[in-house]
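As structure tokens, the structure follows; a few thoughts come after it.
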Amino acid sequence: MPQRPALPRKGIPFLHEKQIAAEANLLNEEYGLNFSPILAPPVPVDEIAELHCGLTLEYLDMASLFPQAEVHGAIWFQERRIGIDHTLDPDTHPAKRGRYHFTLAHELGHWRLHRRHYRQHPQEQRLFENGQLQPDVICRSGDTLRVEWQANAFAAELLMPRKLVLSAWTEFRNGDERSVAITELRQQVSRPDGLLYRGRQVTEGSDFDFALKEEFCRPLAEQFEVSREAMRIQLERMGLLVTKTERTLW
């Protein structure tokens, strides 16, 4: 049975969000210098991975490889290889394109932020039953390890660079850069039948607010080719989607 790869002995060091964002921006800039500047969304994450980083991408049946967990992606550092669950293939499952992009960007986060730590502290190589090498990092759904949080933050900044998001937000808001509060969205939308959130209808509470915000940011999510959830979280991080707006004197 596949085991969780062991972390380096000293663990993964703390990184501030600004450090992670800077590394993601650097990767985008490197790609721009070597190939084509990224001036508008979507960010060409496939080309960044394959052309700039020299990584091989492949679709795998993760449910068969890791039957005990919901795994979306994995990375083999020495082999310079990224595996993504075949159900996220955007060619056969176009509705999953946003999740595919985020999973790939997440693995690039491991590549840029973490591979040196694994190389400094090589672990005993683990093999599948067929003798193939197990990945260095297995990305399980809902995993809250520091290494996974950092990769998620990197993916968000890579796919949704703040300058591009702010520019798109201003255009989306007809020139208005100000934040939008959930109270405003509630006033603008009348949906007595509720909204769909994670496969179920919701009519009130925090889940309804999440659904409302994600429906609001749908055009931006489509523009950046990410999921509505990913866009909603990034807009919240940037202070563009807020709980309430501060009052002004005029």
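The values are calculated or read from the model by the stated rules, or taken from the named source; none is laboratory data. Quantities reported herein were computed from a predicted structural model and do not represent experimental measurements. Glycine gets a Cβ as well: all are built from the backbone with ideal geometry, and neighbour counts include every protein chain shown.
Conditions tested, residue by residue: (1) closer than 22 Å to Leu158 by Cα; (2) out of contact with any helix residue (DSSP H, G or I) (no Cβ under 7 Å at 6 or more places or on another chain); (3) at pLDDT 95 or above; (4) surrounded by 12 or more Cβ atoms within 10 Å (Cβ to Cβ).
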site	(1), (2), (3), (4)
His86	no, yes, yes, yes
Thr103	yes, no, yes, yes
Glu107	yes, yes, yes, yes
Gln120	no, yes, no, no
Gln123	no, yes, no, yes
Gly131	no, yes, no, no
Cys139	yes, no, no, yes
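Residue-wise test of (1) β-branched (Val, Ile, Thr); (2) in a helix (DSSP H, G or I); (3) in contact with a Phe, Trp or Tyr (Cβ under 8 Å, 6 or more places away or on another chain).
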| site | (1), (2), (3) |
| --- | --- |
| Ser36 | no, no, no |
| Leu39 | no, no, no |
| Asp46 | no, yes, no |
| Glu79 | no, no, no |
| Thr87 | yes, yes, no |
| Tyr100 | no, yes, no |
*Do we find a residue being assigned to a helix (DSSP H, G or I), modelled with pLDDT of 95 or more and either touching a Gly at 6+ places or on another chain (Cβ under 6 Å) or farther than 17 Å from Arg99 by Cβ (or both) anywhere in the stretch 62-70?*
no
